[in-house]
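K.L.:
Would you mind keeping the following structure in view while I ask a few things?
The values are calculated or read from the model by the stated rules, or taken from the named source; none is laboratory data. Given the structure is predicted, the values throughout are model-derived calculations rather than measurements. Don't worry about glycine lacking a Cβ; one is built from the backbone with ideal geometry, like all the others, and counts go over all protein chains shown.
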Amino acid sequence: METIIISDTNDLQQAAEILRQGGLVASPTETVYGLCANALNEDAVKNIYKAKGRPSDNPLIVHIADLSMLQPLVTEVSPIAKTLMERFWPGPMTLVFKASSLVPKVVTGGLDTVAVRFPSDPTITNLIRTSGLPLAAPSANTSGKPSPTNFSRVYEDLNGKIDCIIQGGDSQFGVESTVIDTTGEIATILRPGGITFEMLEEALGKVMMDPALGHKLKEGEVPKAPGMKYTHYAPNAKVILVRGEQDKVIEKINELVKTQQALGQKVGVMATDETLSYFKADTVYSVGTENDPRTIAAQLFEVLRKYDDAKMDIVYSLAFKTTGIGQAIMNRLEKSAGYHFIDV
Ligand code: TXA
Ligand code: MG
């Protein structure tokens, strides 16, 4: 298949027409690039799973660009949901509602709920409005790989497999939206993201974390967000997180690098602007500055992919604070490392 590349984000008529015909279009969003299809067209949605190689029980988020687009998709909007919508939409927040019968089962992975997001990025909202369609969109990467935060990575994974890619700039947040279940008494975070626990607590008073977060799933444990059970965000290199007091962490990583290099391994280190100069390895990249964790979120997935470009076998990474956006950063890093920590 020939993939059409659109670089004028102001002229989305052609991309909108592709969507109306049941095709697939990758678009920038403020979190990560998304792979969009008409959410109400079953065949189109099935092609998303095919293009990504995604397990079919992992449901998709439906993207809207006007509050009036929500009502036909859901049967109930709780007071919790209303508060959150007023505060954080449009933006990097996805809410889980009871689904109406209009939403195809391929979108919900067979669940009776549907996840909906009203993004703020002008390109995807323009695409939704021009096509007049709610758009089902997972991240625009091959399933299992780190999500794409720029055009080149979408092209690398999906060129030749989808109808169209819209070439925008780098994603602002760099980690996917916060997914929140609003169907219960208390709002529950199913996936941490750009709208942080602290922001939600401030808006609602009380928020819960899904008990399946923060550890490797146990035999038989079922997370509420099915996506959380799959290996995710993983480069080909084996990622290992080293945590503890910073001086000791640096010393330990340098020691591990030497040991692995002696065994013939190519070894990378994921550092920060502040620690970059302390490491010696085959490739050392900074993921951002510790003074502003938003820079780390924004570059995390791209830097993880750069170790594959450099053909590293192992990557040692610093662990980061879990406050604010740090919770989303560590959630993605833990998963890319398969929860492999070394404590010093
Ligand atoms: O920022 C984002 O959310 C990006 C951009 C493109 O909008 N999209 C994204 O989609 O990250 P995806 O498919 O990579 O992740 C969707 C997550 C998965 O963990 C999935 O299991 C969960 O949302 N999810 C979807 N529908 C759900 C539902 N009905 N109940 C619980 N979790 C759901
Ligand atoms: Mg994804």
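K.L.:
Given (1) of a type in the set (A, V, I, L, M, F, W, C); (2) in contact (Cβ under 8 Å) with a residue 60 or more places away in the chain; (3) within 22 Å of Gly326 (Cα to Cα); (4) assigned to a helix (DSSP H, G or I), where does Leu256 come up short, assuming only one miss?
P.N.:
Among (1) of a type in the set (A, V, I, L, M, F, W, C); (2) in contact (Cβ under 8 Å) with a residue 60 or more places away in the chain; (3) within 22 Å of Gly326 (Cα to Cα); (4) assigned to a helix (DSSP H, G or I), the lone unmet condition for Leu256 is (3).
K.L.:
Here is a further query. For the stretch 152-187, give me each residue that is in contact with a Gly (Cβ under 6 Å, 6 or more places away or on another chain) and away from ligand 1 (no atom under 13 Å from the Cβ). Don't jump to the end; show me each part of the working.
P.N.:
Restricting attention to the stretch 152-187, the residues satisfying the condition of being in contact with a Gly (Cβ under 6 Å, 6 or more places away or on another chain) are 163, 173, 175-178.
Answer for the stretch 152-187, where residues must be in contact with a Gly (Cβ under 6 Å, 6 or more places away or on another chain) and away from ligand 1 (no atom under 13 Å from the Cβ): just Asp163.
K.L.:
Out of the stretch 277-313, which residues are in a loop (DSSP other than H, G, I, E, B) and of a type in the set (Val, Ile, Thr)?
P.N.:
Of the residues in the stretch 277-313, the ones in a loop (DSSP other than H, G, I, E, B) are 279-282, 287-292, 310-313.
Scanning the stretch 277-313 gives Val287, Thr289.
K.L.:
Still on this structure, I have one more. Which residue, of Thr125, Thr142, is in a helix (DSSP H, G or I), more than 9 Å from ligand 1 (Cβ to nearest atom) and in contact (Cβ under 8 Å) with a residue 60 or more places away in the chain? Please lay out each step first, then the result.
P.N.:
Values: Thr142 fails: in a helix (DSSP H, G or I).
Checking each option against the conditions leaves just Thr125.
K.L.:
Can you name every one of the strands (runs of 3 or more DSSP E) wholly within the stretch 6-92 that holds 3 or more residues which are among the hydrophobic types (A, V, I, L, M, F, W, C) and within 21 Å of the chain's Cα centre (by Cα)? Can you show your working first?
P.N.:
Details: elements: 25-27, 34-38, 61-63.
Where strands (runs of 3 or more DSSP E) fall fully within the stretch 6-92 and carry at least 3 residues being among the hydrophobic types (A, V, I, L, M, F, W, C) and within 21 Å of the chain's Cα centre (by Cα), they are 34-38.
K.L.:
Further, regarding this structure: Just the residues that are in contact (Cβ under 8 Å) with a residue 24 or more places away in the chain and loosely packed, with under 14 Cβ neighbours inside 10 Å, please, taken from the stretch 58-74.
P.N.:
Looking only at the stretch 58-74, we keep the residues that are in contact (Cβ under 8 Å) with a residue 24 or more places away in the chain, and these are 58-67, 69-70, 72-74.
Within the stretch 58-74, Asp66, Leu67, Pro72 meet the criteria.
K.L.:
Any idea which of Thr130, Thr113, Thr149 is assigned by TED's automatic domain parsing to the domain that holds Lys50, of a type in the set (S, T, N, Q), in contact with a helix residue (DSSP H, G or I) (Cβ under 7 Å, 6 or more places away or on another chain) and within 12 Å of ligand 1 (Cβ to nearest atom)?
P.N.:
Details: Thr130 fails: within 12 Å of ligand 1 (Cβ to nearest atom); Thr113 fails: in contact with a helix residue (DSSP H, G or I) (Cβ under 7 Å, 6 or more places away or on another chain).
Exactly one of Thr130, Thr113, Thr149 is assigned by TED's automatic domain parsing to the domain that holds Lys50, of a type in the set (S, T, N, Q), in contact with a helix residue (DSSP H, G or I) (Cβ under 7 Å, 6 or more places away or on another chain) and within 12 Å of ligand 1 (Cβ to nearest atom), namely Thr149.
K.L.:
Additional query: For the stretch 133-146, how many residues are in contact with a helix residue (DSSP H, G or I) (Cβ under 7 Å, 6 or more places away or on another chain) and either crowded, with 21+ Cβ neighbours inside 10 Å or aromatic (Phe, Trp, Tyr) (or both)? Please lay out each step first, then the result.
P.N.:
Looking only at the stretch 133-146, we keep the residues that are in contact with a helix residue (DSSP H, G or I) (Cβ under 7 Å, 6 or more places away or on another chain), and these are 133-136, 138, 140-143, 145-146.
Now narrow it down to the ones that are either crowded, with 21+ Cβ neighbours inside 10 Å or aromatic (Phe, Trp, Tyr) (or both): 133-136, 138, 140-141, 145-146.
The total comes to 9.
K.L.:
If only one of Glu202, Glu156, Glu176 is assigned to a loop (DSSP other than H, G, I, E, B) and assigned by TED's automatic domain parsing to the domain that holds Ser56, which one is it? Show your work before the answer.
P.N.:
Details: Glu202 fails: assigned to a loop (DSSP other than H, G, I, E, B); Glu156 fails: assigned to a loop (DSSP other than H, G, I, E, B).
After applying the criteria, what remains is Glu176.
K.L.:
Right, next: I'd like the full set of residues that are away from ligand 2 (no atom under 16 Å from the Cβ) and within 19 Å of the chain's Cα centre (by Cα), limited to the stretch 225-261.
P.N.:
As a first pass, look at the stretch 225-261 and keep what is away from ligand 2 (no atom under 16 Å from the Cβ): 236-261.
Answer for the stretch 225-261, where residues must be away from ligand 2 (no atom under 16 Å from the Cβ) and within 19 Å of the chain's Cα centre (by Cα): Asn236, Val239.
K.L.:
Ok, one more. Of the residues that make up the stretch 76-87, is at least one in contact (Cβ under 8 Å) with a residue 60 or more places away in the chain, surrounded by 21 or more Cβ atoms within 10 Å (Cβ to Cβ), within 15 Å of ligand 2 (Cβ to nearest atom) and in the same structural domain as Gly184 (by TED's automatic domain parsing)?
P.N.:
There is no residue in the stretch 76-87 that is in contact (Cβ under 8 Å) with a residue 60 or more places away in the chain, surrounded by 21 or more Cβ atoms within 10 Å (Cβ to Cβ), within 15 Å of ligand 2 (Cβ to nearest atom) and in the same structural domain as Gly184 (by TED's automatic domain parsing).
K.L.:
May I ask you to verify whether Gly264 is within 16 Å of ligand 2 (Cβ to nearest atom) and either modelled with pLDDT of 95 or more or not assigned by TED's automatic domain parsing to the domain that holds Val114 (or both)? Please lay out each step first, then the result.
P.N.:
Values: within 16 Å of ligand 2 (Cβ to nearest atom): no; either modelled with pLDDT of 95 or more or not assigned by TED's automatic domain parsing to the domain that holds Val114 (or both): yes.
Answer is no for this residue.
K.L.:
Report the residue count in the stretch 306-332 for those that are surrounded by 23 or more Cβ atoms within 10 Å (Cβ to Cβ) and basic (Lys, Arg).
P.N.:
1
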